[in-house]
1. Among the residues of the range 132-154, are any part of a strand (DSSP E or B), under 22 Å from the mean Cα position of the chain (by Cα) and surrounded by 13 or more Cβ atoms within 10 Å (Cβ to Cβ)?
2. For the range 110-131, enumerate the residues that are assigned to a helix (DSSP H, G or I) and among the aliphatic types (A, V, I, L, M).
3. Could you figure out which of (1) modelled with pLDDT under 80; (2) within 29 Å of the chain's Cα centre (by Cα) isn't true of residue 219?
4. Name the single residue that is nearest to the chain's Cα centre (by Cα) among those in the range 86-131 being closer than 30 Å to residue 336 by Cβ and among the aliphatic types (A, V, I, L, M).
5. Has the range 139-150 got at least one residue that is touching a strand residue (DSSP E or B) at 6+ places or on another chain (Cβ under 9 Å) and at pLDDT 90 or above?
6. Looking only at helices (runs of 4 or more DSSP H) that fall completely inside the range 1-109, which ones have 1 or more residues that are touching a Ser or Thr at 6+ places or on another chain (Cβ under 6 Å) and modelled with pLDDT of 90 or more?
7. Quick one: how many residues across the range 120-149 are free of Cβ contacts under 8 Å to residues at least 60 places away in the same chain and touching a Leu at 6+ places or on another chain (Cβ under 7 Å)?
8. Which residues, counting only those in the range 316-329, are in contact (Cβ under 8 Å) with a residue 24 or more places away in the chain, surrounded by 17 or more Cβ atoms within 10 Å (Cβ to Cβ) and either touching a helix residue (DSSP H, G or I) at 6+ places or on another chain (Cβ under 8 Å) or within 16 Å of residue 271 (Cβ to Cβ) (or both)?
Amino acid sequence: MKSGLLSFVLLISISAYGQSSAPDCEQILIQADDEFNAGRFYGLPALLKPCLDRNDFSNEQRVRAYLILTQAYLILDDPIAADDSYLKLLKADPEYVANPARDPIDVYYLSKKFTSTPVFTPHLRIGFNTSLMRTIYEINTGGIPLDRKNVPKVGFRFGGGVDWNINNHWSICVEGNYSYRAIKQERKGLFSSNGQPSDTQVILEKQNWIDIPMYVKFADDSGKIRPFGYAGFAINLLLSAKGTDWLLKNNSSDGNTREATGPKVNLTHKRNFLNRSLVIGGGAKYKIGKDFVFADLRYMIGLSNLTKQETNHYDEDGNFDTTIPRYAFVSDLFRLDNISLSFGYIHPIYNPRKKTKPRLKNLFNKRAITEDP
């Protein structure tokens, strides 16, 4: 019993000694700063090495440590070590930007040799959408103008994309998204009673899409909240279309009401698979650590007619479509716009590195050297 108690006390004592002997890294940083201000530069790497090697520093402390080392190596005229320290600073904080009002001027000029801008930035998104029909040419079984109403319906979408960053502000982006859309058409005026429309025709069309937007984006590169805007072009692939909730309701002058309803009908063969649209949008991203969450409002302006005129009156087998006499329905020629609100997650793939000189500039420099008398 006594030996067990003695072992326990010894274990606690060893642990306490280990904790008390471990260096306080914040105090080490303060000491390193004092040593630097006193002009004692040669001992700084050894002073900071234990905390750096054991990763005892927080990211903010690592930035401060490598900034001290960068300044010291610049003063000691060791450019290779200065470059290495500044590169490690950027790996600790890829968005660190040297400021001449805060940092020594030699560190500021050194920083111009480096960049942390991600070459590629992937993101994921999910959200909601609604579609707006724009009629190109009206078609109906009666050959007379109808009272038409398109009712917006809510769909959903999800997908992802990647930004190719040209610099801190401009990027070229491409996405691949799945989108479920629904459009509801209501028509009146096919039949009349005492000169007044007495009918109701309702068709709900459900569609599945793959959208491939490509656009140029401008984004703010600093702050917790960073707005962005973009414009471009999209390829839209209509995978399937089905007509559901068919209804034709005719109120006769004798007071009788006749209704026609029916099951889902495949409309894919009546729709063009390949479509195009313009894309404009914008939003804001919110920084969380090194990543971001964002909200994005987008408008896609349809450029293509969705209706295949050659199959508009026929079913999948090439026969005259029974939905025409049953529901008195023939599809208009129309374009489809889409409005979407998405939320997503961005994970920048930071790549702190030394900037490469433009090849054209190098070429001119070589010519200048060879032509110098």
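1. Filtering the range 132-154 down to residues part of a strand (DSSP E or B) leaves 132-137, 147-152, 154.
Within this subset, residues satisfying the condition of being under 22 Å from the mean Cα position of the chain (by Cα) are 154.
Of the ones still in play, those that are also surrounded by 13 or more Cβ atoms within 10 Å (Cβ to Cβ) are none.
No, that holds for no residue.
2. Result: 110, single match.
3. (1)
4. Checking each candidate, the answer is 124.
5. no
6. Values: elements: 2-21, 25-37, 44-53, 59-75, 79-92.
Hits in the range 1-109: 59-75, 79-92.
7. Looking only at that region, the number is 1.
8. The answer is 323, 329.
The values are calculated or read from the model by the stated rules, or taken from the named source; none is laboratory data. In this text the structure is predicted, and so the values were computed from the model without any measurement. Glycine also receives a Cβ, built like all others from the backbone with ideal geometry; neighbour counts cover every protein chain displayed.
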